[in-house]
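Below you'll find the structure, written out as structure tokens, and then a few comments.
Readers should treat all values here as calculations from the given coordinates under stated rules, not as data from a laboratory. This structure is a prediction, so every number in the text was calculated from the model and none was measured. Here the Cβ positions follow ideal geometry from the backbone for every residue, glycine too, while neighbour counts run over all protein chains shown.
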């Protein structure tokens, strides 16, 4: 198993990232534009394989993809930006084109598996991965395995209601915060980016300061709720906001305020930043391949 040489793909709406898992490390990382049709998509993957197999002898192909991956049925359910991955014969088409055994897992789940196998949650069995982008998604890992739930939508944390009809994604993402600040300043909804709001707050802008504090507060509330309901050992945070050097300290400040208000639970969440960035889905695809093929 340690001698496995895997062709690894991360299917994205605009780009396909790829690499080679060889000698227990990820090598040859690059990317190509995602084609618009399945035929062109398969041709692109074959060209990548042919270019790389001059130097490597592949034993399998590990993939990360958007969509609700049903590994038992070998189909990708739901809807995503790459419509043809939902075709019922997509798995078989990959294996026939590449002449390799193929495994596929959801991209958010792959990011979580990467952290458990090699990163910030290494050695932990029960982990939540919370990925903060335009919305909030993630994954639940129990006893080292992805817990997808009955409908394959485990980890859709962003739909959790936190205040009235407002959900976690609407209250605790930089994208939503930027829209609020833009409107409050009399600008168009998309006038400001999340980064610009953070910059305004650091410069002393009162509206931006207020909304940044609200974002950290609702992040803390959401993570507190997840801790009390699922009880993981560790919560790892990913997404663009995880690049902020003060993120953990700001969330911890708000968690402390929650506990000081007399909340009864004795378990404080162990919150960590994801270790991996662009390579997370590739590494997680490798971890999934090993689990599916070898129960590693």
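Of note:
- Nitroxide proxy distance, nm - points 7 Å out along Cα→Cβ at residue 73 and residue 37: 2.7 nm
- Counting only alpha carbon atoms, the long axis of helix 247-260 and the longest principal axis of the chain meet at about 50°.
- As a proxy for reagent exposure, ranking 107, 246 by other Cβ atoms within 10 Å from fewest up yields 246, 107.
- With the simple model of a label 7 Å out from the Cα in the direction of the Cβ, residue 151 to residue 267 spans 2.5 nm.
- Helix 38-52 and the longest principal axis of the Cα set of the chain meet at an angle near 70°.
- Computed label-point distance, nm, for sites residue 191 and residue 25 using a 7 Å Cα→Cβ extension: 5.0 nm
- Distance from the C-alpha centroid of the range 1-51 to that of the range 102-166: 23 Å, rounded to the whole angstrom.
- In the chain, the longest principal axis of the Cα atoms and the axis of helix 174-184 are about 40 degrees apart.
- The chain: calculated mean residue ellipticity at 222 nm from DSSP helix runs of at least 4, using -39500 (n - 2.57): -12500 deg cm²/dmol
- Between 195, 73, 277, the GNM of the chain built on Cα springs shorter than 10 angstrom shows 73 fluctuating the most.
- The protection proxy used here, the mean number of other Cβ atoms lying within 10 Å of each residue, ranks peptides 197-209, 7-19 as follows, highest first: 7-19, 197-209.
- With neighbour counts taken as other beta-carbon atoms within 10 Å, the residues 242, 169 rank, fewest first, as 242, 169.
- Sorted by Cβ neighbour density within 10 Å, fewest at the top, the residues 61, 80, 110, 274: 80, 274, 61, 110
- When you restrict to C-alpha pairs under 8 Å that are six or more residues apart and normalise by the size of the chain, the relative contact order lands at 19 percent.
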